[in-house]
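K.L.:
Sharing a structure with you now.
No lab work stands behind these numbers, since they all come straight from the coordinates. What you are looking at is a predicted structure, and each value in this text was computed from that prediction instead of being measured. Quick reminder, even Gly has a Cβ in these numbers, built from the backbone with ideal geometry, and neighbours come from all protein chains shown.
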Amino acid sequence: MTALAVLYLRGQGVPRDDGLAGQHLKRAAEKGSAQALFLLGAMRLESRGGPPSDAPGYLRRAAQAGSGQAALMLGEMLVAGRGVARDPAEAYRLALAARERAGGDAALASRLDALAASAKERLDPSVALSVAAKAGKAAGKDAPPDGGRAQRPSTGSGFVVSRLGHVLTNAHVADGCGRILAVVDGKRVPARLARLDRQNDLALLVLETAPAKTLVFREGGDLPEGATVFAAGYPGQAAATGRMRVVSGRVRTLAPQAGPRGGQAVTAQVLPGNSGGPLLDAAGHVAGVVRARRDTEKARESLGEAPADMGFVVPISVVKAFLARGQTPVAVSPSDRVLDAAAVAEAVSGAVVPLWCLPGER
C-alpha cells in the first residue's frame with residue numbers, strides 16, 4: 001500500500017492524486033507502517049491532504065514506530081518551536097532514542113547527534129541528565145553512545161589544512177574510534193583526535209607525520225546559490241583502493257526544516273565515505289566540508305521535491321570559525337581561476353586522504 005501511495009504522490013504511472021495517496025498511506029499506517037506515518041506527516045507539513053497541524057501527531061507516531069527520520073524532523077520542530085510548542089527536552093529524548101536505532105546510517109546518525117547537542121544546550125543540566133538517564137544513557141555524555149560503530153572498521157574522508165599535519169573531517173567520522181589511520185601517499189599514518197565539535201559535525205586530527213601538501217581556503221564567505229562546486233573524497237571502496245573521486249555540482253539553498261541548522265546543500269552526488277572531504281569552489285579552494293547525503297531523500301522524492309543527488313555541507317564560515325577557535329594556521333587565497341573536475345582533482349591530490357576508524361581502546 002505504501003508503494004502504491006508513493007506512485008500517486010509522484011504521479012508516476014498514474015495521475016498525481018494526494019487524496020488517493022493519503023487513503024493508501026492511512027491503511028498502511030493502521031497496520032503500523034512507520035514509513036506511511038512519516039510520509040503522512042511530511043505531506044501535512046506541505047498542506048497536502050490535510051492541515052499542517054496534523055503533522056506533529058503523524059510524526060510522533062512514526063517515531064514511536066521506529067522512524068529515525070520522523071524523530072529527526074519532529075525534534076527539529078520542537079527545538080525551533082515550528083508548528084509545535086517549543087520543547088527541547090522532548091527533542092533531546094527523541095534524538096537519543098532514534099540515535100540508538102540509526103545503525104550504519106552515518107548521515108542520519110550525524111544529524112541526530114547535532115539535534116541532541118542543540119536540544120541539550122537549551123536544557124538545565126539536571127533536566128538533561130534526567131532525560132538521558134530515562135533513555136538508558138550514561139549521565140554526563142555530550143551525545144548518545146555511538147551504537148557500536150567503532151566495534152568494526154569504518155571509513156571517511158579528510159583533508160590536510162596545515163603544514164603541522166592538521167586534518168579536517170566530520171565529527172561523525174572520527175568520534176568513537178579506538179584508532180584513526182590516514183592513508184597518505186599510499187602509507188598508513190596514525191592520527192590523533194585534537195578537537196571535536198559535534199553540533200557542527202567537525203573534527204580536527206593531527207597526523208603523526210605531516211605531509212608536504214595542504215589545501216588552500218577560499219577568501220571570503222559562503223558561496224552563493226548556483227555557484228559551481230566540487231566534492232572530493234573516498235566513497236565506497238575508494239578508501240581501500242586509494243582512488244579519490246571528484247564530482248561537480250552547484251550550491252542550493254536549504255528550505256526550512258530540510259537540512260541541518262546552519263548547513264548548505266549541494267547537488268553534487270555525495271555517497272557513504274565522502275563524509276569529511278572538502279567542498280571546493282571553481283578555483284579548487286576549500287569552500288566547506290562535505291557532511292552527508294540527504295537522509296530524507298526517499299521521502300522528499302516521494303513528495304516530488306528536490307533532485308535525487310543532493311548532499312549537505314558545513315559552510316566555509318562555520319569551518320573557518322572552528323579552525324580560528326583552535327588557532328589552526330591555514331592558507332587563504334582569492335579564487336581567481338576556473339578549473340574543471342580533472343584540474344581540481346590534480347590540484348588537491350595528495351592533500352585529500354581516506355580515513356579509517358578502527359576499533360580498540362583509545
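K.L.:
Over region 2-134, what is the relative contact order in whole percent, taking alpha-carbon pairs under 8 Å and six or more residues apart?
P.N.:
It rounds to 15 percent for region 2-134.
K.L.:
Restricting attention to region 1-79, which GluC sites (Glu not before Pro) occupy a DSSP loop and are surrounded by at most 16 other Cβ atoms within 10 Å?
P.N.:
Those that pass, being in a loop and sparsely packed, are 46.
K.L.:
Given a Förster distance of 51 Å, report the FRET efficiency between residue 134 and residue 47 from their Cβ-Cβ distance, rounded to the nearest 0.05.
P.N.:
0.90
K.L.:
Here's another thing I want to ask about it. Evaluate the distance, in nm, between pseudo-label points positioned 7 Å from the Cα of residue 124 and of residue 321 along their respective Cα→Cβ axes.
P.N.:
It is 2.8 nm.
K.L.:
Another question, then. For a quick check of your reading of the filter: which trypsin sites (Lys or Arg not before Pro) in region 9-51 sit in a DSSP loop and have no more than 16 other Cβ atoms within 10 Å?
P.N.:
16, 31
K.L.:
Report the full-extension gain for the segment residue 332 to residue 222: residue separation times 0.36 nm, less the Cα-Cα distance, to one decimal in nm.
P.N.:
38.2 nm
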